[in-house]
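Structure record follows, encoded as structure tokens.
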Amino acid sequence: MILVLAGTLDGRDIAARLQTEGYDVIASVVSEYGRELAEQSGVAVQAAPMNEEELARFVSVKGVRLIIDATHPFAVKVSRNAAHVAETAGIPCLRYERQSSQLPKYGRLYLADGMESAAQLSTTLGKTIFLTTGSHTLSCFRKAAKGTDCRLIARVLPQPEIITSCMANGFSPADIVALQGPFSQALNRALFEEYKAEVMVTKDSGYVGGTDAKIAAAMELGLAIVLILRPPLLQKNVFWSYDELVGQIVLDYQKGCE
């Protein structure tokens, strides 16, 4: 059994392709919405967040012989847990890392090495800040904007619990954009214009995560851009393409993991 930690489009695609190639696969996601997306390709799905102890139990019960960590580049805790569990269980853990965005030459592009520094920086660059960093980051930006006249716009997934979280963090309905991405450059630009954004904040989630389209749209409008850089990779076995990943799976899975 191969366990794919599939909290991203990349992860769901990897799980589906491996199953098509004849591997016994189960995808792990954190929400029912993630389950719906993963099950569209017929892959078996486990839909609930797991801490390290729960993940270890799951690996043992299901007889997992290989873990593929295809989580979001910023899901550091999940990746760390996966590596620890695999090491303890004596099984391989392979990290699939999507390519970073190619950064353009743009005088108003600012790099931040973490969420807090990005939040502080964004409040110095303009009054209307358009956040595309995820609902779990909102409290950080709200704290940084306290005592300023900055308006924060949060673009988040259209899920009830996420909208509730936005409201709990002080966002009014007028400051919440609830849409499922990724978004085209044209739609990004339209939203930035509609909300009169002066600053756009995003993570380096790569092309697949829509970062390139966000940056291009913001550049067209002359906005300040705050790009949050990825945390350092924790894993040793990192692969940047599906073909490289499968090559290693053949070695790890077929030569002794079954």
| said: Test of understanding: extend the Cα→C-beta vector of SER31 to 7 Å, then name every residue of the stretch 156-175 with backbone N under 15 Å from that spot. | reply: 156-167
| said: Based on the alpha-carbon set only, what is the convex hull volume of the stretch 54-132 divided per residue, in Å³? | reply: 126
| task | Quick one: which residues, 5+ away or cross-chain, put their amide H under 5 Å from the amide H of THR128? H built at 1.01 Å from N. | result | ARG151, GLU198, VAL199
| field | Calculated FRET value between ALA174 and GLU220, using beta carbons and R₀ = 30 Å, to 0.05 | value | 0.75
| So what is the 222 nm mean residue ellipticity for the chain from helices alone, if each DSSP H run of at least 4 adds -39500 (n - 2.57) and you divide by all residues, rounding to the nearest 500 deg cm²/dmol? | -12000 deg cm²/dmol
| remark: Taking r as the C-beta separation of MET1 and ASP149 and R0 as 41 Å, the FRET efficiency to the nearest 0.05 is 0.15
| task | Just order 107-114, 209-216 by mean Cβ neighbour count inside 10 Å, highest at the front, would you? | result | 209-216, 107-114
| field | FRET E, pair LEU111, ALA48, Förster distance 45 Å, beta-carbon r, rounded to 0.05 | value | 0.80
| said: Tell me the label only: which of (i) 1.28; (ii) 1.07; (iii) 1.17 is Cα Rg over 2.2 N^0.38 Å as calculated from this structure? | reply: (ii)
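Read the figures in this text as sums done on the coordinates, not as results from a lab. Small disclaimer: the values here were computed from a predicted structure and weren't measured. Neighbour counts run over all protein chains shown; Cβ positions are idealised from the backbone, glycine included.
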